[in-house]
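The values are calculated or read from the model by the stated rules, or taken from the named source; none is laboratory data. Note that this is a predicted model, so its numbers are computed, not measured. Because the Cβ atoms are built from the backbone with ideal geometry, glycine has one as well, and the counts that use them run over all protein chains shown. Accessible surface is based on the protein model in full, side chains and every heavy atom, while ligands, DNA and RNA are left aside. Shrake-Rupley method; radii C 1.70, N 1.55, O 1.52, S 1.80 Å.
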Amino acid sequence: MVWIPITRSIAIDDSEIGETTTRAGGPGGQHVNTTDSAVILRFDVAGSPNLPDMVKDRLAVLAGSRLTRDGVLILRSEGSRSQLLNRQEVRERLVALIRDATIIPKKRRPTKPTKGSQTRRVDSKVKRSAVKQGRGKVRE
């Protein structure tokens, strides 16, 4: 059993990750039709016992369309010709995504504009209006 560390308190089991290989798109040489270099990673977010519920919820929001209705996260990597490099890259992306989900966003506290900023805004509008008024037809 191999554990993949995410943070100090969170680690996921390697057996929770499913990987399949497929042929990568794009140009290639003579081996293009024989090598499976693209890696598709599947991670069951909903069924993972090692992730707290709050992290699962934020991960679902961050994953967006990469998360299926069943709660399975699907990531694909085909940037390299090497299957090993693609496997490492897709695992790093999974770890980064889960790390981002562990960060609790700060709540926004609504603030009012300061009195000084309000007067500066109105003054600039008055000044701009005067400039535009001066561009009109000359009246006698």
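Overview of results
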| quantity | calculated |
| --- | --- |
| Total formal charge among the other residues, if their Cβ is under 9 angstrom from that of Ile74, Lys/Arg +1 and Asp/Glu -1 | +3 |
| Candidates Lys56, Lys107, Lys125: whichever shows maximal mean-square fluctuation once the chain is modelled as a Gaussian network with Cα springs under 10 Å | Lys125 |
| Mean ellipticity per residue at 222 nm, deg cm²/dmol - from DSSP H runs of n ≥ 4 across the chain, formula -39500 (n - 2.57) | -12000 deg cm²/dmol |
| Solvent-accessible surface (1.4 angstrom probe) belonging to Arg66, in square angstrom, nearest 10 | 90 Å² |
| The stretch 33-71 and the stretch 83-131: distance between their alpha carbon centers, rounded to Å | 26 Å |
| Candidate residues Asp70, Asp100, Asp14: accessible-area rank, largest first, probe 1.4 Å | Asp70, Asp100, Asp14 |
| Nearest-10 value in Å² for the accessible area of Thr114, using the 1.4 Å probe | 80 Å² |
| Pairwise FRET efficiency - Ser9 versus Asp36, Cβ, R0 = 35 Å, nearest 0.05 | 0.45 |
| Förster radius 22 Å - calculated FRET efficiency between Thr20 and Arg99, Cβ distance, rounded to 0.05 | 0.35 |
| For the chain, built as a Gaussian network whose Cα springs stay under 10 Å, the top-fluctuating residue of Arg121, Arg42, Arg99 | Arg121 |
| Debye intensity ratio in log₁₀ form over the Cα atoms of the stretch 3-102, taken at each q of 0.18 Å⁻¹ | -0.82 |
| Rounded percent of accessible protein surface that carbon and sulfur make up, the chain, 1.4 Å probe | 53 percent |
| For the chain, accessible area per residue (1.4 Å probe, heavy atoms of protein chains only), Å² | 77 Å² |
